[in-house]
Amino acid sequence: MGDVQLLKEWINPLYLVQETIAQISPTFYAHQELPSIQLSNFFLEEKAEHVRKVLDKLSWKKNYIPHMHSFHKPANEKTLASLYSLLNSSGFKSLLGTMLKKEFKNIIIEPLQFQHGDYTLLHDTYEQEKGIVCYLDFTKNWSEDFWGQLIFTTKAEPIIFPRIFNAAHIVQITEDAQCFVKYVNSAVGKNKVYLVKVTMH
Amino acid sequence: MSYTTKHKYPKTPKLSMKPNPRIGALKGWMQEQHLSDIAIKKYTKEFQNNKPIQHLLIKNFLQPKQVEFLLKALEKQEFETKDSDLFSLQQTKDLRNSTTFVFSSFYTMLSSNYLQKMLQEITGIPKLKNTVDLAGSSFPKHGHLLPHDDYLDNRKIAFILYLGPTLTPKEGGALEFFSVDEENIPQKIIKSYPPQQNSFMMFKVSRQSFHQVSELLTDKKRMTLGGWFHG
């Protein structure tokens, strides 16, 4: 019961009703090249705004390996405790499991920030971890001109997820799919991409 | 009117009878001051000693008229927009077999035995082939090329000829070299070269040759011809 209450406190009620949940997995698996779905307005608005404010206040540390990536990670994640409680709850794992017809036992949470000059690169020798990844997007006032899109390369055309505040981009990383974040250019000014990457096993 | 005074003409300097073995196909292209023994010795020393990787920048490389011809021809070329995780830029097709006279003539100079010999002297890399890759690039505003080493196939020497306007460091578009650790992982930028019109950059391609082109921050285009000498 506690977990159901927690879900109700955080998640848009639209995604808690059976009718919506039943529509998610057919849509997700319909994309054969890259099973994926984008759930807009995923959290209740006040919760998404709250997380964004916390992310803005965090102290971020640069993670830079020039030929692989440049992005920022929180120096201290304690202030994100309430979001972590939700994502680690059995209710959240169960909700996503029901949506995608899978069973999730463990999750890894990685808050990421991309600012001007940041990027990730595809790498021949680096194999991306397979499985379901959910990118929770807390980026605001974004323009396509800033780049910084989340791009998945597949055997066919690349699939591009634009930055949308309070969207959950859920993808199944397969052998043929690799993901990168396009270089964030100087037009961005002081704006930043905020993503919380949730890898589910 | 007649001239009765004896006019003393200055003595004509004696012409050296020893031909410069480097001139050949390079005549009409490169500025002659780069072809003397003294210049080659200087460039050899610079190339070998430059850090973090062996490289050399030759300023005022070509005769100014040739830069003008190449730039005009390049501006008329069809460019394809290239976008990936690693870069955003515009590039021409391979210019090796271009029917544009100035490109085919430039390619003949690049692939000539004269230039190969000169490069071998400077770099110490033996057995360069006459195979040269050549393409034109144009960086629009925000164009960039992120860190990579160029290491592939038989590439021995990478080169870039800057044709576009000279840019200040604040305008971006600089070629930047990284230091590497003992496992050849790039660490930090050690050298940065903003584009300078009519300068020729060359560097040795290896597992250590990590470099990037920083984001172009101006509306001025960064126009270059570049490629690799193979071995």
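Coordinate-derived values only; no laboratory data. These numbers were taken from a predicted model, which means no experiment stands behind them. Using ideal geometry, Cβ is built from the backbone for each residue, glycine included, and neighbour counts are taken over all protein chains shown.
What the table below lists for this structure:
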quantity	calculated
Unmet requirement for residue A:162, which otherwise passes all of (1) touching a helix residue (DSSP H, G or I) at 6+ places or on another chain (Cβ under 7 Å); (2) surrounded by fewer than 19 Cβ atoms within 10 Å (Cβ to Cβ); (3) over 25 Å from residue A:26 (Cβ atoms)	(3)
Options B:154, B:113, B:130: the member that is surrounded by fewer than 19 Cβ atoms within 10 Å (Cβ to Cβ) and under 18 Å from residue B:203 (Cβ atoms)	B:154
Residue within region A:167-175 that is surrounded by fewer than 21 Cβ atoms within 10 Å (Cβ to Cβ), more than 14 Å from chain B (Cβ to nearest Cβ) and in a loop (DSSP other than H, G, I, E, B) present	yes
Tabulated pairs, region B:207-230, first away from chain A (no Cβ under 12 Å), second charged (D, E, K, R), C-beta under 6 angstrom, 6+ apart or interchain	B:219/B:141; B:227/B:133; B:228/B:133; B:228/B:155; B:229/B:156; B:230/B:129
Region A:113-150: number of residues that are within 12 Å of the chain's Cα centre (by Cα) and hydrophobic (A, V, I, L, M, F, W, C)	6
Extreme residue, surrounded by the most Cβ atoms within 10 Å (Cβ to Cβ), among residues of region A:103-142 that are touching a helix residue (DSSP H, G or I) at 6+ places or on another chain (Cβ under 8 Å) and more than 24 Å from residue A:165 (Cα to Cα)	A:104
Unmet requirement for residue A:160, which otherwise passes all of (1) over 27 Å from residue B:149 (Cβ atoms); (2) among the aliphatic types (A, V, I, L, M); (3) away from every other protein chain (no Cβ under 14 Å); (4) not in a loop (DSSP other than H, G, I, E, B)	(3)
Among (1) in a loop (DSSP other than H, G, I, E, B); (2) under 30 Å from residue B:171 (Cα atoms); (3) within 14 Å of chain B (Cβ to nearest Cβ); (4) not hydroxyl-bearing (Ser, Thr, Tyr) - the single one residue A:180 does not satisfy	(1)
Residue match in region A:185-195 (condition: part of a loop (DSSP other than H, G, I, E, B), of a type in the set (D, E, K, R) and within 14 Å of chain B (Cβ to nearest Cβ))	no
3 or more residues under 23 Å from residue B:50 (Cβ atoms), within 14 Å of chain A (Cβ to nearest Cβ) and over 14 Å from the mean Cα position of the chain (by Cα): qualifying strands (runs of 3 or more DSSP E) within region B:78-196	B:144-148, B:175-180, B:186-193
Search result, residues across region B:200-226 that are touching a strand residue (DSSP E or B) at 6+ places or on another chain (Cβ under 7 Å) and under 19 Å from residue B:49 (Cα atoms)	B:200, B:201, B:202, B:203, B:204, B:205, B:208, B:209, B:210, B:211
All positions within region A:85-133 that are away from chain B (no Cβ under 14 Å) and touching a Ser or Thr at 6+ places or on another chain (Cβ under 7 Å)	A:99, A:100, A:101, A:107, A:108, A:129, A:130, A:131, A:133
